[in-house]
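Heads up, the thing below is written out as structure tokens.
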Amino acid sequence: MRRDETMNANVKTHPPKASPLTVSVLPAVARFNLRIAPVDLAQASKALGLTLSDSIGQGATSDGRAGYCLGPDEWLLHAPEPETAQIVASFAAIRATAPHSLTVISDREIAIAVEGDQAEELLSVGCPLNLARMAPGTAKRTVFDNAQVVLLRDAPDRFRIEVWRSFFVHVHELLEIAKRELASGF
């Protein structure tokens, strides 16, 4: 054995520290549901100030704004709350040349963050998707237990669940129960 191999053999390595599993309610954002024909997507992108993807499930983010393609003609848009009126006005300005429906849904939904090394495992308690196949930067309309949600993956260990207010307590409590069960080894 060479000297450098001997020195490396005596060095103890420690496994990377696991990130703690957290479930938290996120601050409010301006939320919009946009329905527009894909041929008019360039105008919608200009109105939002962000290039929107035309690939279902794909998202784009820039300067606090985000857009996620949920269907062939549907996008979920996010922006800082103070920008709501400006975004509504920008879309109103393109209505004549790019017919669309822009609905402010900010008060309809609450976002819950699930973060940590066990985030996928925790979400699998109520979500039927194969979360390992969901890449960061993507969004999917799905269910969590019996509640319709939009699930966004921000990073390998970070998800957001957008849930209607009427289902929030149910989804949040189920996540907290499952988190305690994971922590206890169940």
Ratio of Rg to Rh over the chain (Cα coordinates, Kirkwood Rh, two decimals): 1.12
Using label points projected 7 Å from each Cα along Cα→Cβ, tell me how many nm separate Glu181 and Arg141, to one decimal. 2.8
Would you be so kind as to identify which of Ala89, Phe144, Phe168 lies farthest towards the positive end of the dipole of segment 58-186, taking Lys and Arg as +1 and Asp and Glu as -1 on Cβ and the Cα centre as origin? Ala89
Using 1/(1 + (r/R0)^6) with R0 = 45 angstrom and r between the beta carbons of Gln86 and Leu174, what's the FRET efficiency to the nearest 0.05? 0.75
Per-selection metrics, segment 21-67 (Cα): Rg and Dmax in Å: 13.0, 42
Cα principal axis extents for segment 53-124, largest first, Å: 48, 28, 23
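No value in this document is a laboratory result; all are computed from the given coordinates. Quick caveat: nothing in here was measured; it's all calculated off a predicted structure. Virtual Cβ from ideal backbone geometry, glycine too; neighbours counted across all protein chains shown.
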